[in-house]
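Heads up, the thing below is written out as C-alpha cells.
The values are calculated or read from the model by the stated rules, or taken from the named source; none is laboratory data. Given the structure is predicted, the values throughout are model-derived calculations rather than measurements. FYI the Cβ positions are ideal-geometry reconstructions off the backbone, even for glycines, and counts take in every protein chain you see. Side chains are part of the model used for accessible areas, which takes the heavy atoms of the whole protein and leaves out ligands, DNA and RNA. Shrake-Rupley method; radii C 1.70, N 1.55, O 1.52, S 1.80 Å.
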Amino acid sequence: MGENTIAVSDDQFKTLVLDSKEPVLVDFWAEWCGPCKMISPVLDELADAYDGKLKIAKVNVDENRATAIKYHVRSIPMLLLFKDGQIQATQIGAVGKGQLSQMIDKALV
C-alpha cells in the first residue's frame, strides 16, 4: 500500500469515508484476489496523483465484513467513489489507470 493510500476498517468507515471532506475512492479487496493485486499499484499511483483532491482507501472484505455486506460487495475488486457520504460511481473488476482517472475526474467536478 502506498503512502497516500489508507486502510479502513468497519469501525473507521464512517469517519474516514462518509464524513470525509474530500471524495474517497474505496477499494474493496482481499489478500487472495489476483485482480485486486493487479490494480493495487495503479491505485497507489492515483493516490499520489490526486493527493489533496481525493483519498484512496482500501477495505479488506475478509476482515471488514460489515462494510462489505452494507455495500453489497459480491465481487472484488469493487471500487466505490464516495463524495459527501454518497456513492458517485461504481467499478467492478480490475480496469486500467485511464478508466479509473475518468471515473475520478467526473466525480471531482
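Which of the following residues is crowded, with 21+ Cβ neighbours inside 10 Å and among the acidic types (Asp, Glu): Asp27, Asp10, Asp19? If you could, list the steps in order and put the result at the bottom.
Values: Asp10 fails: crowded, with 21+ Cβ neighbours inside 10 Å; Asp19 fails: crowded, with 21+ Cβ neighbours inside 10 Å.
Being crowded, with 21+ Cβ neighbours inside 10 Å and among the acidic types (Asp, Glu) holds for just one of Asp27, Asp10, Asp19, which is Asp27.
Conditions first: (1) assigned to a loop (DSSP other than H, G, I, E, B); (2) under 11 Å from the mean Cα position of the chain (by Cα); (3) small (Gly, Ala, Ser). Ala94 passes all but one, so which condition is the exception?
(2)
What are the residues in region 90-106 that are of a type in the set (Gly, Ala, Ser) and either surrounded by fewer than 17 Cβ atoms within 10 Å (Cβ to Cβ) or within 18 Å of Thr15 (Cα to Cα) (or both), if any?
Answer for region 90-106, where residues must be of a type in the set (Gly, Ala, Ser) and either surrounded by fewer than 17 Cβ atoms within 10 Å (Cβ to Cβ) or within 18 Å of Thr15 (Cα to Cα) (or both): Gly93, Gly96, Gly98, Ser101.
Provide a single number: the residues in region 68-89 that are outside any strand (DSSP E or B) and either surrounded by 20 or more Cβ atoms within 10 Å (Cβ to Cβ) or of a type in the set (Lys, Arg) (or both). Spell out the reasoning first.
Taking region 68-89 first, the residues outside any strand (DSSP E or B) are 68-77, 84-85.
Now restrict to residues that are either surrounded by 20 or more Cβ atoms within 10 Å (Cβ to Cβ) or of a type in the set (Lys, Arg) (or both): 68, 70, 73-74, 76-77.
Qualifying residue count, region 68-89: 6.
Can you tell me how many residues in region 46-60 are in a helix (DSSP H, G or I) and buried (at least 20 other Cβ atoms within 10 Å of the Cβ)?
First pass over region 46-60, keeping only residues in a helix (DSSP H, G or I): 46-49.
From the residues that got through so far, the ones that are buried (at least 20 other Cβ atoms within 10 Å of the Cβ) too are 46-47.
Going through region 46-60 one residue at a time, the tally reaches 2.
Could you grab the pairs with beta carbons closer than 7 Å, sequence gap of 6+ or different chains, first residue in region 1-17 and over 20 Å from Glu31 (Cβ atoms) and hydrophobic (A, V, I, L, M, F, W, C), second one open to solvent by 20 Å² or more (accessible area, probe 1.4 Å) and part of a strand (DSSP E or B)?
Leu16/Ile6
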